[in-house]
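Structure first, commentary second.
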Amino acid sequence: MRISVITVCFNAARTLQDTLASVARQVYPDVEHIVVDGGSSDGTAALVKQHGTHVAHFVSEPDRGIYDGMNKGLALATGDVIAFLNADDVYCHPHVLSQVADLMSDPELDACYANLVYVDSVDVTRVVRVWKSRAFEPGLFRRGWMPAHPTLFVRRRVFEEHGNFDIRFRQQADFDLAMRFFEFGRIRSRFVPEYWVRMRAGGVSNSGVRGVVRGNREAWAICKKNGLRVAPWFVLTKVASRLGQFLPGQASGYRGVA
């Protein structure tokens, strides 16, 4: 079983080396790492050439945003199972992809996912937020739920059946994709109550109040687009559901990156 890991980046020279090393350290043998760069000017391309000897495909050209880059990566991917690992993310240990392969050896399973931990953008030993997920149940998307995208591994056939990222959404296209897969496609998934990914805080959808506001406006528009009827207070419910991720003590079981 080949697993394709797609990393989309732009001017990510400060953090990308960690991501490249994280994928290279995975003990699972059949991994296709694809790096799609949006035409960086900070030495990202040189860094990939130097530290990405394991990278199967590298593209560097202007794009129309992160989700356009992800769609480019999907077009290149040849794996049976596909995942996305951002340029400020790393896997928590070298056996993540082996776990995924074991789970996905069940032909009835369409996807699997796990927990994610956010750390300070500079001091990566300091946990600032924990995204603990849960097994999917119909109706969860009405409350703003979705699996942590960098922990989500999905069979290629699911993308072929339900489509790729809708690049009209600049911040929440992953919410749209997950909604189509889980809420409407009812894909068969399994939640693993472990930590698979460590993410540096400060990404596109959670960088400051304005980013959060724009992201939640998009989430509302995505519900409308997909015909998902939600309560008028949907955005408040979605925001409230995330508050517990910031409480002290949420990172029990997280032991850092091996």
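The values are calculated or read from the model by the stated rules, or taken from the named source; none is laboratory data. Remember, it's a predicted structure, so these values are computed and weren't measured experimentally. Cβ coordinates were reconstructed from backbone atoms using ideal geometry, including for glycine residues, and neighbour counts include every protein chain displayed. The accessibility values were calculated without ligands, DNA or RNA, using every heavy atom of the protein model including side chains. Shrake-Rupley method; radii C 1.70, N 1.55, O 1.52, S 1.80 Å.
Values as computed for the structure displayed
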quantity: Conditions (1) open to solvent by 30 Å² or more (accessible area, probe 1.4 Å); (2) aliphatic (A, V, I, L, M); (3) over 18 Å from residue 10 (Cβ atoms): number failed by residue 76; calculated: (3)
quantity: Of residues in the range 1-47 being part of a loop (DSSP other than H, G, I, E, B) and of a type in the set (A, V, I, L, M), the one least open to solvent (accessible area, probe 1.4 Å); calculated: 12
quantity: Checking residue 59 against (1) open to solvent by less than 10 Å² (accessible area, probe 1.4 Å); (2) farther than 22 Å from residue 27 by Cα; (3) of a type outside the set (Gly, Ala, Ser); (4) part of a strand (DSSP E or B), the condition it does not meet; calculated: (1)
quantity: Residue 86 of a type in the set (S, T, N, Q), open to solvent by less than 50 Å² (accessible area, probe 1.4 Å) and within 23 Å of residue 257 (Cα to Cα); calculated: yes
quantity: Residue in the range 221-240 that is under 17 Å from the mean Cα position of the chain (by Cα), over 18 Å from residue 152 (Cα atoms) and open to solvent by less than 40 Å² (accessible area, probe 1.4 Å) present; calculated: no
quantity: One residue from 161, 137 being under 18 Å from residue 75 (Cα atoms) and charged (D, E, K, R); calculated: 161
quantity: Residue list for the range 92-120, filter: open to solvent by 40 Å² or more (accessible area, probe 1.4 Å) and touching a residue at least 40 places away in the same chain (Cβ under 8 Å); calculated: 93, 95, 99, 105, 108
quantity: Residue among 202, 215, 163, 211 that is more than 20 Å from residue 16 (Cα to Cα), at pLDDT below 95 and surrounded by fewer than 17 Cβ atoms within 10 Å (Cβ to Cβ); calculated: 211
quantity: Where residue 83 falls short, out of the listed (1) under 25 Å from residue 201 (Cα atoms); (2) among the small types (Gly, Ala, Ser); (3) part of a loop (DSSP other than H, G, I, E, B); calculated: (3)
quantity: Residues that are closer than 16 Å to residue 194 by Cα and open to solvent by 10 Å² or more (accessible area, probe 1.4 Å), drawn from the range 121-144; calculated: 127, 129, 131, 132, 133, 134, 135, 136
quantity: Any chance residue 67 is modelled with pLDDT of 95 or more, part of a helix (DSSP H, G or I), under 30 Å from residue 233 (Cα atoms) and within 15 Å of the chain's Cα centre (by Cα); calculated: yes
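Here's the yes/no breakdown for (1) touching a Lys or Arg at 6+ places or on another chain (Cβ under 6 Å); (2) of a type in the set (Ser, Thr, Tyr); (3) more than 26 Å from residue 221 (Cβ to Cβ):
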position: 67; (1), (2), (3): no, yes, no
position: 104; (1), (2), (3): no, no, yes
position: 107; (1), (2), (3): no, no, yes
position: 125; (1), (2), (3): no, yes, yes
position: 135; (1), (2), (3): no, no, yes
position: 138; (1), (2), (3): no, no, no
position: 144; (1), (2), (3): yes, no, no
position: 165; (1), (2), (3): no, no, no
